[in-house]
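Report on the structure given below.
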Amino acid sequence: MEIKKMILPLFSLLGGAFIANADVTVVFPAGASGEYEVVSQLISEAVKPRGERKAEVTQPIIVKDGKAVFSTPAEGASQSIIYTSEREGIALFTMPGDDLTVDISSVEPLEYTVKGTPLMETIASLDAKGDAIKKEYFSISRSDNPDRDKLEELSNRYDVIFADYVKGNPSDPAAVYALLQLDGQPYLDMFSMLSKSAETTPLYPLAVNKKERVEKSIEAENRMKALQSGDVDAPVFTLKNLEGKNVSLSDFRGKWVILDFWGAWCPWCIKGFPALKEAYGKYAGQLEIIGIDCRDSDEAWRKAVERYELPWVQVYNGGAEAEKLYEEYAVQGFPTKVIVSPEGKIANITVGEDPSFFNVLAKLMSK
């Protein structure tokens, strides 16, 4: 399970004739200088489907005398991210009229506190408890041979922080934020623990929306398990290759086939190419690989195939039918690799860049 800092929106219905901006003062460590970036978005936009949202607003903030000040949108509740580096940032959730102070004690590693509203003070406190675990998790996960047991232990420890807050504070608005840091079955279990009063808190609609997504995700996981029974025919498809010719899965009946769902935007997909090339050479004549590009432009796909010198069959999964193929193969993340037997049956589905995939492949092909 991958831990990630979720930039979760704060939704609120606001009334009254006068609405002011929320003002944020950022205090930097002694000697800090330069320009940073803040990205803000109205929560009323953030909760819309991705294709229907208005663009986020990006603004620079300049450190002067150890401080920087900015305002969030006045039209309603908003979320803002102060980017302190390319990879790290501070998430803030504000309503018009709020006055927050973010005190950054260290930029690298990032350490900070937030004062001004009970919600943000609690969120910052919860995040501080989880940040050390996240940093260790990501450090291990980026290694060449990550310790899966250790990653699972860290993931569980991270979940406990937020699950315990929900259990101990079921009516607190911040309990809904804590809930939103969870996923999978733990999310559903904790959702049922929220008190009735939590249903009136600003974040509750987000919790309901995520509950629906989690339920669909669990359904997909169950489908993925069922697909790997060894008795399920791999769903057929026909897609265009680099030359614009049709390629069908049935063209490769009689060989083992790896379907590699990948994208040029996906660093973990790219990280797995060397091992995939090694397997392609090792099982030459017995194995074919079909790279199925996902969510790239046609141009980006072609450039990536050339840049990474991918020698196997490449097809482009675009257009209105793209999502259908993900659903049929229970694709929940990228990369996803599917092993199809010479008889056309699904033998294995592996989500993520997992070295154990090649052990599974070797075992299957040795039968």
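The values are calculated or read from the model by the stated rules, or taken from the named source; none is laboratory data. Computed from a predicted structure; not experimentally measured. Note: ideal-geometry Cβ built from the backbone for every residue, glycine included; neighbour counts use all protein chains shown. With ligands, DNA and RNA removed, areas are computed over all heavy atoms of the protein, side chains included. Shrake-Rupley method; radii C 1.70, N 1.55, O 1.52, S 1.80 Å.
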Cβ-based charge dipole, the range 226-333, positive-most Cα from Tyr308, Gly318, Leu242: Tyr308
Heavy atoms of Lys135: accessible area, 1.4 Å probe, square angstrom to 10: 80 Å²
Distance in nm between pseudo-label sites at Val107 and Ser125 (7 Å out along the Cβ direction from Cα): 2.9 nm
Average accessible area per residue (Å²) across the chain - probe 1.4 Å, nucleic acids and ligands excluded: 51 Å²
Residues whose placed amide H lies under 5 Å from that of Val232, excluding near-sequence neighbours: Ile346
Spacing of the two label points (7 Å from each Cα toward its C-beta) at Glu52 and Lys245, in nm: 4.4 nm
Proportion of all alpha-carbon pairs of the range 175-249 beyond 17 Å (%): 60 percent
Spin-label pair Trp265/Tyr83, simplified geometry with 7 Å Cα→Cβ offset, distance in nm: 1.5 nm
Percent of beta bridges antiparallel (DSSP, the range 236-367, rounded to nearest 5): 55 percent
Lone cysteines, the chain (no partner Cβ under 4.7 Å): Cys294
In sequence order, calculated HN-Hα J values of the range 100-111 (Karplus, 6.51, -1.76, 1.60; Hz; x Gly/Pro): 10, 10, 9, 9, 8, 7, 8, 7, 9, x, 6, 9
Cα centroid separation - the range 171-247 against the range 285-338, whole Å: 23 Å
For the range 262-339, average projected area of the Cα convex hull in nm²: 5.1 nm²
Accessible heavy-atom area order of Phe261, Phe191, highest first, probe of 1.4 Å: Phe191, Phe261
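Rounded to the nearest 20 Debye, what is the dipole magnitude of the chain about its Cα centre when Lys and Arg each give +1 and Asp and Glu each give -1 at the C-beta?
Value, rounded to 20: 720 debye.
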Extended-chain gain in nm, criterion 0.36 nm per residue less alpha-carbon gap, Thr25 and Asp65: 13.2 nm
Cβ-based net charge around Arg302, under 14 Å, with every Lys or Arg adding one and every Asp or Glu removing one: -4
Over 29 Å [Cα-Cα, the chain], rounded percent: 52 percent
Translational diffusion coefficient (Stokes-Einstein; Kirkwood radius from C-alpha pairs) of the range 161-292 at 4 °C, 1.567 mPa s, in µm²/s: 69 µm²/s
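Stretch Ala362-Glu212 to full length: gain in nm at 0.36 nm per residue minus the Cα-Cα span?
Full extension from Ala362 to Glu212 adds 50.2 nm.
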Computed accessible area, Ile292, all protein chains, 1.4 angstrom probe, square angstrom: 0 Å²
Rounded to whole Å, sorted largest first: equivalent-ellipsoid semi-axes of the range 105-185, Cα gyration tensor: 25, 18, 7
Proximal lysines to Lys135, defined as alpha-carbon separation beneath 28 angstrom and excluding residues fewer than eight positions away on the same chain: Lys4, Lys5, Lys67, Lys115, Lys150, Lys167, Lys210, Lys211, Lys271, Lys337
Amide H contacts of Gly97 (H built 1.01 Å from N, under 5 Å, at least 5 apart or other chain): Ala20, Asn21, Ala22, Asp23
Exposure ranking of Met95, Met120 by accessible area [1.4 Å probe, largest first]: Met95, Met120
Amide H contacts of Gly291 (H built 1.01 Å from N, under 5 Å, at least 5 apart or other chain): Asp260, Val313, Gln314, Val315
Rg to Rh quotient for the range 29-188, alpha carbon positions, Kirkwood Rh: 0.98
Carbon/sulfur fraction of accessible area - the chain, other protein chains in place, 1.4 Å, %: 50 percent
Prolate/oblate/rounded label for the range 123-239 (Cα gyration tensor, a/c 1.5): oblate
Pairwise centroid distance, computed over Cα atoms, of the range 250-265 with the range 76-138, Å: 43 Å
Antiparallel %, DSSP beta bridges [both residues in the chain], to 5: 75 percent
Theoretical gain in end-to-end length, Glu343 to Ser192 [0.36 nm per residue, Cα-Cα removed]: 49.9 nm
Computed accessible area, Phe252, all protein chains, 1.4 angstrom probe, square angstrom: 40 Å²
